[in-house]
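The values are calculated or read from the model by the stated rules, or taken from the named source; none is laboratory data. Because the structure is a prediction, the values reported are computed rather than measured. Cβ atoms come from the backbone with ideal geometry, glycine included; neighbour counts cover every protein chain shown.
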Amino acid sequence: MAKIKNIIFDLGAVLFDIDFQKVNQAFADLGVQNIEQQYSKLSANFLFENLEMGKISADAFYQTLQAQTDVPLTHQQLELAWNAILLNFRKESMAFVQQLHQTHRVFLLSNTNIIHLKQINLQAKKELSAERLDDFFEKAYYSFEMGMRKPDEHIFQYVLKDAELVAEETFFIDDSAPNIETAAKIGFKTHLLLANEKVEAITGYHD
């Protein structure tokens, strides 16, 4: 078995706590219904996929959401509702990520969007005293900047090529089974992080 030299982390529900119920409720309170049918842990409709792949702007995203309700809403109201999914960094996990740099190359691969990343970076300053999330990784890969998203095999192949990694020497941690399945098929060593798990408590980093 190849020695693990590289570690790639997912972000949401892995290093940063999120709550889909809160975002559903926030939109419902504004009169935007059925968000849970459009965006969830396992699926996203055309609008949310396009936002996560950087194919539409934040303004276009807000305008489309606005069209789903008869209530006049400001972009600020919609932004606050959309960001309601974001809770807090897992500080112990982020400290562990920093420690891993002593022994491994460490990366982030996240399905996210420009709106959420802006808020996450604000929280990184407040909660972690960091300038931005990227500072915790050799490189952070965001779906909206790459024009693709997990579990598409191409996003994993892109990271391997760009960072000059070998899949069999790379440990990938994610909370989504489809993402894990694709990575494992390519040759990554993987761990599906369960709801009650923390990255600092799992094994496999030194296999």
Problem set entry | Residue, surrounded by the most Cβ atoms within 10 Å (Cβ to Cβ), within the range 84-117, restricted to residues that are assigned to a helix (DSSP H, G or I) and under 13 Å from the mean Cα position of the chain (by Cα) | His116
For this session: Could you grab me the full set of residues in the range 29-75 that are in a loop (DSSP other than H, G, I, E, B), surrounded by 14 or more Cβ atoms within 10 Å (Cβ to Cβ), of a type outside the set (A, V, I, L, M, F, W, C) and modelled with pLDDT of 85 or more?
Result: Gly54
For this session: Go through the range 192-203 and give me each residue that's surrounded by 13 or more Cβ atoms within 10 Å (Cβ to Cβ) and out of contact with any Asp or Glu (no Cβ under 8 Å at 6 or more places or on another chain).
Result: Glu197, Val199, Ile202
Exercise. For residues in the range 164-207 being out of contact with any Ser or Thr (no Cβ under 7 Å at 6 or more places or on another chain) and acidic (Asp, Glu), which is nearest to Ser143 (Cα to Cα)?
Worked result: Asp174
Exercise. Which residues, counting only those in the range 165-191, are surrounded by fewer than 17 Cβ atoms within 10 Å (Cβ to Cβ) and within 17 Å of the chain's Cα centre (by Cα)?
Worked result: Ala177, Pro178, Glu181
For this session: Select, from Ile180, Ile155, Ile120, the only residue that is in the same structural domain as Val97 (by TED's automatic domain parsing), at pLDDT 95 or above, part of a helix (DSSP H, G or I) and under 23 Å from Asn83 (Cβ atoms).
Result: Ile120
For this session: Among the candidates Ala13, Ala28, single out the residue that is among the aliphatic types (A, V, I, L, M) and free of Cβ contacts under 8 Å to residues at least 24 places away in the same chain.
Result: Ala28
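Okay, residues lined up against (1) out of contact with any helix residue (DSSP H, G or I) (no Cβ under 8 Å at 6 or more places or on another chain); (2) within 21 Å of Lys5 (Cβ to Cβ); (3) in contact (Cβ under 8 Å) with a residue 60 or more places away in the chain; (4) small (Gly, Ala, Ser):
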position	(1), (2), (3), (4)
Arg149	no, no, yes, no
Tyr158	no, yes, no, no
Thr170	no, yes, yes, no
Ala184	yes, yes, no, yes
Ala195	yes, no, yes, yes
Lys198	no, no, yes, no
Gly204	yes, yes, yes, yes
For this session: Go through (1) surrounded by fewer than 18 Cβ atoms within 10 Å (Cβ to Cβ); (2) not charged (D, E, K, R); (3) not in a helix (DSSP H, G or I) and name the single condition Ala140 misses.
Result: (1)
Exercise. Of these, Glu168, Glu181, which one is of a type outside the set (A, V, I, L, M), more than 23 Å from Glu200 (Cβ to Cβ) and touching a Pro at 6+ places or on another chain (Cβ under 9 Å)?
Worked result: Glu181
